[in-house]
Amino acid sequence: MDSLQEARKVNDWVFAIRRELHQHPEKSMEEVWTAGRIAEELEKMGIQVKRVGKTGVLGTLSGKSPGKVIALRADMDALSIQEQTGFDYSSKNPGFMHACGHDFHTAMLLGAAKVLSGMKDQFKGTVKFMFQPGEEVAQGARSMVEGGVLENPKVDMAFGMHVISDVPIGKAVVQEGAMSASGDIWSCVIKGVTAHGSSPWQGVDAIVCASAIVQGLQTLVSRVNDARDPIVVNIGTIHGGDRFNIIPGKVEMTGMNRAFSVTAREGMPKWMEEVIKGTCAAYRCQYEFNYTFSCAPLINDPAATALAAQAVSKVMGAENLIRIPKMMGSEDFSEFSVKVPSTFMVLGVRNPAKDCVYSQHSEHYKADEDCIPVGVACHVQVALDFLS
């Protein structure tokens with residue numbers, strides 16, 4: 001069976017669905033219209049549909065007899081960005097845009113569902129189609145796992161895909177090991193004593209203390225962490241002070257850290273608090289520090305990746321599989337990968353001839369639609385190869 005040929009048979013339908021989805025972007029964890037539209041199409045295909053939480057959708061397709069179980073995943077939330085692409089099918093929801101390709105992901109997985117539902121008498125086992133909310137806020141995959149999508153029947157392998165504008169159209173990345181970093185959120189409140197700006201000795205300056213903490217935290221990257229295992233300690237916001245002639249008694253900071261290994265990830269909150277505690281003691285301040293493990297690093301399982309690479313090679317040709325450096329961004333598909341053997345591939349969509357050159361999350365973001373049948377076929381081929 002030529003999966004790419006089968007994918008092209010539903011190409012017009014998938015294109016139309018993708019453009020329809022693009023016109024109706026929705027906020028993370030509030031994808032009500034999108035979820036309803038997905039469920040409607042799955043039901044037309046005769047696929048069993050389960051709603052997971054408020055907006056998650058799980059489609060389950062059984063083959064001709066029991067066998068292994070594979071889960072295919074697409075994320076479906078949009079971003080709070082005002083679209084500036086000029087498309088005649090631009091967003092109809094002011095202030096929101098599919099600027100990361102999730103409309104492509106959803107449409108391609110629906111296309112795969114359409115192809116596979118038409119050949120369910122030709123394979124053994126079960127395919128689960130996971131349409132996940134809230135990837136952009138790293139909440140959706142966890143909610144799907146908690147909603148039982150990996151159970152009844154138990155999933156043996158999971159596969160996901162993301163379109164990326166850094167990779168040329170016609171190329172794909174399927175590589176084992178660390179694919180993207182963790183993303184963990186922290187906040188810190190520095191408490192001093194407010195005083196008149198003319199009398200700093202009567203107060204405790206929280207801004208001076210916070211400034212020292214900002215400098216100190218960067219030594220975690222250069223002097224504490226193993227340099228062979230990169231991390232990022234990011235201070236994203238600093239808010240302090242009320243008036244130009246007052247010694248501020250409070251500063252609030254927030255940030256998000258990145259790591260590829262469990263050791264570095266678990267070490268960062270401990271290392272950070274050592275710096276914060278010591279600096280506050282030196283500057284006579286108090287502090288409150290909170291750290292939330294939000295999104296684990298995404299590690300591609302070797303066996304699952306080998307199978308996926310072979311399947312994708314059948315669709316695109318082995319010569320079109322390339323390698324890229326690890327990505328410091330986060331991807332909550334990792335919630336599935338820590339539970340079952342999984343792999344996550346990158347599909348190239350960059351094409352200067354079509355002005356598809358803008359980065360993910362740009363208000364001008366465009367992806368070459370020629371990727372659509374390839375993405376559909378990769379989902380189909382991975383599923384069939386695994387189940388066989």
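Throughout, read-outs are computed from the coordinates displayed, never taken from laboratory work. Note that the structure is a prediction, hence the values are computed from the model and not measured. Every residue, glycine among them, receives a Cβ derived from its backbone with ideal geometry; neighbour counts consider all protein chains shown.
Things to note:
- Positive-end ranking of T219, T237, V167 along the dipole of the chain, with charges on Cβ about the Cα centre, is headed by T219.
- Highest-fluctuation residue, G140, G255, G86 considered, GNM on the chain with Cα pairs under 10 Å: G86
- When you filter the trypsin sites (Lys or Arg not before Pro) in region 302-364 for DSSP loop state and at most 13 other Cβ atoms inside 10 Å of their Cβ, you are left with R323.
- Debye intensity ratio I(q)/I(0), log10, region 56-147, q values 0.17, 0.25 Å⁻¹ (C-alpha model): -0.79, -1.20
- Residues L387, L298, L72 arranged by fewest to most Cβ contacts within 10 Å: L387, L72, L298
- The GNM of the chain, with springs linking C-alpha atoms under 10 angstrom apart, assigns the highest mean-square fluctuation among A264, A107, A311 to A264.
- S359, S143 arranged by Cβ crowding within 10 Å, fewest neighbours leading: S359, S143
- Answer label for Rg and Dmax of the Cα atoms in Å (calculated), chosen among (1) 20.6, 65; (2) 20.4, 60; (3) 23.6, 82: (3)
- Karplus-derived 3J(HN,Hα) values for region 279-291, using 6.51 cos²θ - 1.76 cosθ + 1.60 with θ = phi - 60°, are 5, 4, 5, 5, 9, 6, 9, 9, 8, 10, 10, 10, 9 Hz; glycine and proline are entered as x.
- Contact order for the chain, expressed relative to its length and based on alpha carbon pairs under 8 Å spaced 6+ residues apart, stands at 24 percent.
- Note on K54: aspartates and glutamates with a C-alpha under 12 Å away, same-chain residues under 8 apart excluded, are E30, E31.
- Charged side chains reduced to their Cβ positions (Lys and Arg at +1, Asp and Glu at -1) give the chain a dipole of some 480 debye around its Cα centre.
- From its DSSP helices (H runs of at least four residues, each -39,500 (n - 2.57)), the chain gives a residue-normalised ellipticity at 222 nm of -10500 deg cm²/dmol.
- Cα-based helix-to-principal-axis angle, 102-117 vs the chain, degrees rounded to 10: 30 degrees
- In region 209-296, chymotrypsin sites (Phe, Trp or Tyr not before Pro) in a DSSP loop with at most 15 other beta-carbon atoms within 10 Å: F244
- Taken about its Cα centre, region 183-295 carries a charge dipole of roughly 140 debye when the Cβ of each Lys and Arg holds +1 and the Cβ of each Asp and Glu holds -1.
- Within the chain, percent of DSSP bridges classed antiparallel, to nearest 5: 70 percent
- Reachable aspartates and glutamates, given that their alpha-carbon falls under 16 Å from the alpha-carbon of K114 and they are not under 8 places away in the same chain: D2, E6, D12, E40, E41, E43
- Calculated FRET efficiency for the pair Q286/M1, C-beta based, R₀ 56 Å, to 0.05: 0.25
- Folded to 0 to 90 degrees: helix 11-23 orientation relative to the chain principal axis, Cα: 30 degrees
- In terms of other Cβ atoms within 10 Å, M256, M97 run from fewest to most in the order M256, M97.
- Among F15, G111, A181 - extreme Cα towards positive end, dipole of the chain, charges at beta-carbon: A181
- Loop chymotrypsin sites (Phe, Trp or Tyr not before Pro), region 26-123, which have at most 16 other Cβ atoms in a 10 Å radius of their Cβ (DSSP): F87, Y89
- Degrees between helix 371-387 axis and first principal axis of the chain (Cα, 0 to 90, nearest 10): 80 degrees
- Of Q202, Q175, Q82, the residue with the greatest mean-square motion in the GNM of the chain, using alpha carbon springs below 10 Å, is Q202.
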